[in-house]
Amino acid sequence: MAVKSVSMRVTMQGHCQADNITDRLRAALEGTQLRAGIVTIFIKHTTASVLIIEDEPGIRADTKAIWERLIPADPQWQHNQRNAGEDNGHSHLRGQLQGQSLTIPFNDGALVLGTWQQVVVLDFDTRARTRELVLQFMGE
């Protein structure tokens, strides 16, 4: 079994922006020359997540709307109250629920994703940031 790690950077604007990284993930897999195994996609931030969605404009809008309903921005979040100048308490809470990693199998050198499944980075923060991801491929 081989383990290969690849870093990826994504420039994000925050405010529930979604960025589809599926093609970049496929290219990274191809570069490993592994044929079968799993890849773990991990984002190194507490105010962003990685997830699988059917990436189309309606789902992107609905995803933003559901997060606004579930965990709205609020200056009264303790994170904001205890850290002068912070306004992203809700961003941290959203990241906690959505999570920072995914594991996807691959076979015959291709990701095993359903027809409509796409991998996206979802940025919950309140300002633009460059996000760093680690892709760890394990297989043969």
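Readers should treat all values here as calculations from the given coordinates under stated rules, not as data from a laboratory. Fair warning: this is a prediction, and the values are worked out from it, not measured in the lab. Here the Cβ positions follow ideal geometry from the backbone for every residue, glycine too, while neighbour counts run over all protein chains shown.
Here are VAL112, VAL39, VAL50: which of them is free of Cβ contacts under 8 Å to residues at least 24 places away in the same chain, of a type outside the set (Gly, Ala, Ser), closer than 21 Å to ILE21 by Cα and in contact with a Phe, Trp or Tyr (Cβ under 8 Å, 6 or more places away or on another chain)? Answer to the selection: VAL112. Taking the stretch 98-140 as the range and being more than 12 Å from the chain's Cα centre (by Cα) and among the aliphatic types (A, V, I, L, M) as the test, the residues that pass are ILE104, ALA110, LEU111, VAL112, LEU113, ALA128, MET138. If the condition is being outside any helix (DSSP H, G or I), under 20 Å from ARG129 (Cα atoms) and not acidic (Asp, Glu), then the stretch 76-94 contributes ASN83, ALA84, GLY85, ASN88. Residues in the stretch 20-71 that are within 21 Å of ARG131 (Cβ to Cβ) and of a type in the set (Lys, Arg) were compared, and the one that is nearest to the chain's Cα centre (by Cα) is LYS44.
When we screen ARG94, ARG82 for residues that are without any contact (Cβ under 8 Å) to a residue 40 or more places away in the chain and either within 22 Å of THR22 (Cβ to Cβ) or among the charged types (D, E, K, R) (or both), the only hit is ARG82. Can GLY58 be described as loosely packed, with under 14 Cβ neighbours inside 10 Å, at positive phi and not aromatic (Phe, Trp, Tyr)? Criteria not met by GLY58.
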